[in-house]
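Each remark here refers to the structure printed beneath this line.
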Amino acid sequence: MSIPEVFFRETIDLNRYSNAVSMKFVENYIQVIYEASKQLVALDKRQKKAGVGVTVAPQTRKRLRAILAQSKASLDRWNKDVTKQMIKEMEGLAKIQTGFIEGELKKAVKSGGIPINSVAVNQRYATSFVKTDPTKINIFTSKQFTEDDFVKFGSGKFELTARQGAMMTLPNGETVEKAFRGIARKNQELLARTIRAGVFSGESVNVIAKRLAGTLEFDKVATTRQKIAAGGQAIKLATHQIKTVVRTSVNQVQNQASQSVYAANSKVAPRYEYVATLDSKTSNICKRLDGRKFEYNKGVVPPQHFNCRSTTVPVVDYEGLSKRKGFEDLTEPPVGKVVSRPSATGRVPQGTQYGDWLLQQDKKLQVKTLGTAKKVDFFKKLAKKEGSGHAAIRKMIRNDGTELPLDKLEKIYAKPVVAKKVAAPVAKAPKIKTSPTMSTEGVDKWLAQNKIGSVQELTEESLDSLEKLGGLTERNVKRMRLFMNKAKTVSQYNMYNERTGTYTNLQQRFLKGDNLKAFAESNKAVNKRFEYINTLPVEDLPTNTKDWKRIWNGVGDGMRKRLSSRKVLFEDSIEELKKGQLPRIDFQKKVVNSLFGYATGGTNGFTSFQTGMIHTQLQNGARKVTVTAAKKMKKISRETLDNNFKFSKYKGSKWERWRQGQKDGISEVWNNGTPMDESFDWLDTLVHEMGHQVHYQSGALNLGRQYLKDKGMTYVTGYSRSNHLEQFAEAFTQYIFNPEGLQEKAPRLYKWVDATLDQSLKNL
């Protein structure tokens, strides 16, 4: 397989990208040094105005110490800021690189219609790479997975994990965070030494300032590169260190991301080729490795040293793949017009390896590359003996000093859309749609203002965002959506403090057409609810379930029982509405409010045992939940549970638990929605109320003795202590947003919710 030109081009662009990141960090660092220098110059002017000579006056030394303290604080902030920014940059780079390699593999096997596995980047990957100190964690070995670990070829789920990120350190064994911290501290020491040495040697403050900042005038507009060129010792040293850390980190993330895609597609590309840069700066290590091919898990991977610019490319097994059933049409794509690769001296044939390239260069460049004339002579003799320069040293791309930010890199190398022949695709299960939704006039206005098509769209796409979080969250959200679909639950949304309209208006707006059909279908599911409850032993039923059973079935005998039955009342009313008749007064009084009463004021939402309707209030700042917002909701839910887990150890009355908690500064979070932002807390409300519906459909039983062996906390929030209904709904909310945490800290509740949902689905 010839190496596509795009791989050479990408390596150049990644060098440009590392330059862009480095320059951003260097610019921020220079500002710290310049600020210190400016203060020194200002101090020098005040000293001269006071009539003090060239030496530092005693009263000035206090001010010098203050400048040092301020500079130290500024460098500490710089360290934190660049560490945070580095995490964002490396996360973005990993996503670009996995998408790029995936796209190139798709192009390589397009003729055969071979499916290519994708690799997702875990949200903790970059943080783990930048911050995790391998000396402070248990030593572990990363699982080197291949396609054989997955059930079906071309359908596996792969991820670049936090564990894989943690395994990477800089070549000296340090983390990126520690390296930046080291740069900050070294330069804090350099500042202090420079100032102290100047003071002791009798230098003026102005001279000390110039030693730090160099010769560039403070008020002169200049580029970062000009500032570096004119900068003093503190600037030049830090610039070199920052560039080294960034360039090496970019290379690490690029190559690990590439390796993860090779691993996910090890049957397509069982080997990869090591590719070095074709210029005089290439290290001896990379020269020797250039052009060598390795099986995945059995070879070396760049970077092999600081400032390494080498990369790898996949080697597709065209011969082996074309023998597979269904892939007989696979052929290696033509090389095309571009048959060369870049080098420091111009383009050379694409197959040229480093040693062969170097052999063709003049002696001056050869000496510059190898170090001495004697080494050049030895290299030529060895090349003659072996038949080529390829035997000793090897290949890749020249360094480029220009800059390229992450967003531009993403535009160039974002995952391409490649038309491909699909070999016998596995039919996907149809997407489960949630139940019907309704909106009030206030909500309709809000939808228009926020350019959202409908409340159905609001619900569907927000739940889609939750599913995209993957893992147990994805699994549990899909189960909830299945329940919503089978139970035909109806969701009604209203705006904060929006008032319930008149009965006539409500009837005109809701009790007709598709809405009426939705009520009728939902009512059938509620009938099934009570049919199941009627089969359960009375002694097993909680008090509230017994009460609703009586209300639903009616009390007494004959006509008296019929007239008091909520079941009959609902069914008769629906039939009257279908005929276009105005329902009797009983419907107006007893049913309308339960169906259409808005969640107002302090009530964020509500539902009831007798209906399948859920009411959710929207704040004026409500928004559709994006994946980013879903991640935030998951984080808040986890923090809520972690806090309340600590609080759960306190015993006694509500007041006593609170008093004990105050000693440790712990206060129980009231409910899952309390810390939520108003832009997305409506979804928390919807899930809570949906939890009630799940619970009702199963008979609304208490947390049973069968879960005792699992132990763990039994109340996830303060509100969950109200009764067993709220205990379930609050646990259900954690089951959706933070299932891993619930499973760990409250296994009793997790199993209770999971089994209850199973029973409810069975009842439908």
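Just so it is clear, none of the values below were taken in a lab; they were calculated from the coordinates. What you see is a predicted model, and the numbers here were worked out from it, not measured in a lab. Because the Cβ atoms are built from the backbone with ideal geometry, glycine has one as well, and the counts that use them run over all protein chains shown.
Assuming 1.002 mPa s and 20 °C, estimate D for the stretch 627-763 with Stokes-Einstein, Rh taken as the Kirkwood radius over Cα pairs, in µm²/s.
142
How large is ³J(HN,Hα), in whole Hz, for each residue of the stretch 634-650 in order, when computed from phi with the Karplus curve 6.51 cos²θ - 1.76 cosθ + 1.60 and θ = phi - 60°, using x for Gly and Pro?
Once rounded to whole Hz, the list reads 5, 4, 5, 4, 5, 5, 4, 5, 4, 5, 6, 5, 5, 5, 5, 6, 7.
At a 10 Å Cβ-Cβ cut-off, how would you order 541, 466, fewest neighbours first?
Result, fewest neighbours first: 541, 466.
Return the long-range amide H neighbours of residue 121 (sequence gap of 5 or more, or a different chain), with a cut-off of under 5 Å between placed amide H atoms.
160
Extension gain residue 649-residue 512, at 0.36 nm per residue separation less the Cα-Cα distance, in nm?
That pair, residue 649 and residue 512, stretches by 44.1 nm at full extension.
Kindly put 737, 100, 378 in sequence by how many other C-beta atoms sit within 10 Å of each C-beta, fewest to most.
Exposure proxy ranking, most exposed first: 378, 100, 737.
Rank these for me by crowding, 670, 78, 655, 682, going from fewest to most other beta carbons within 10 Å.
Numbers: 670 15, 78 20, 655 8, 682 25.
In increasing order of surrounding Cβ atoms, one gets 655, 670, 78, 682.
With an 8 Å cut-off on Cα pairs and a minimum separation of 6 or more residues, tell me the relative contact order of the stretch 627-763 in percent.
Once normalised by length, the contact order is 28 percent.
Applying 1/(1 + (r/R0)^6) with R0 = 22 Å to the Cβ-Cβ distance of residue 702 and residue 762, what FRET efficiency is obtained, to the nearest 0.05?
0.70
Which value in nm describes the separation of the simple spin-label points at residue 659 and residue 485, placed 7 Å from the Cα toward the beta carbon?
5.4
So, in nm, how far is label residue 709 from label residue 410 when the simple model puts each one 7 Å beyond its Cα toward the Cβ?
It is 5.0 nm.
Rounded to the nearest 0.05, what FRET efficiency do residue 118 and residue 524 have when you use their Cβ-Cβ distance and R0 = 45 Å?
It comes to 0.60.
Past 26 Å, Cα to Cα: identify those pairs from 84/634; 243/468; 528/631; 486/631; 131/411, in the order given.
Among 84/634; 243/468; 528/631; 486/631; 131/411, the Cα-Cα distance tops 26 Å for 243/468; 528/631; 486/631; 131/411.
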